[in-house]
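Asker: Before I ask anything, here is the structure I am working with.
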Amino acid sequence: MPVLSKREGLARKVDTAAIEAESLGLTTATLILRMARLEIDRAEPDEVESMPANNSCSKPN
């Protein structure tokens, strides 16, 4: 399995989440995730590298 760059890995995770949200009928979440994917595509490479690896605020306690 090839090693993905951080940008490709992040984009793949966002795409997967958007597909899952769409299948659950979560239209707002799907829209937000699609917009995030566009931002990833538009970001400069150094901006993507400085993005946090995870969002601890979204994890349940």
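The values are calculated or read from the model by the stated rules, or taken from the named source; none is laboratory data. Because the structure is a prediction, the values reported are computed rather than measured. For neighbour counting, all protein chains shown are included, and Cβ atoms are generated from backbone atoms with ideal geometry for every residue, glycine included. Quick note on the areas: whole protein, heavy atoms, side chains included, nothing else; ligands and nucleic acids left out. Shrake-Rupley method; radii C 1.70, N 1.55, O 1.52, S 1.80 Å.
Asker: Being under 11 Å from the mean Cα position of the chain (by Cα) and either open to solvent by less than 50 Å² (accessible area, probe 1.4 Å) or touching a residue at least 24 places away in the same chain (Cβ under 8 Å) (or both) is the filter here; which residues of region 7-22 pass it?
Answerer: Within region 7-22, R7, G9, L10, A11, V14, D15, A17, A18 qualify.
Yes or no, residue by residue, for (1) at pLDDT 80 or above; (2) over 11 Å from the mean Cα position of the chain (by Cα):
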{"position": "L24", "(1), (2)": "yes, yes"}
{"position": "I32", "(1), (2)": "yes, no"}
{"position": "E39", "(1), (2)": "yes, no"}
{"position": "N61", "(1), (2)": "no, yes"}
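Asker: In region 23-46, which residues are of a type in the set (A, V, I, L, M, F, W, C), assigned to a helix (DSSP H, G or I) and open to solvent by 90 Å² or more (accessible area, probe 1.4 Å)?
Answerer: Answer for region 23-46, where residues must be of a type in the set (A, V, I, L, M, F, W, C), assigned to a helix (DSSP H, G or I) and open to solvent by 90 Å² or more (accessible area, probe 1.4 Å): L31, I32, M35, L38.
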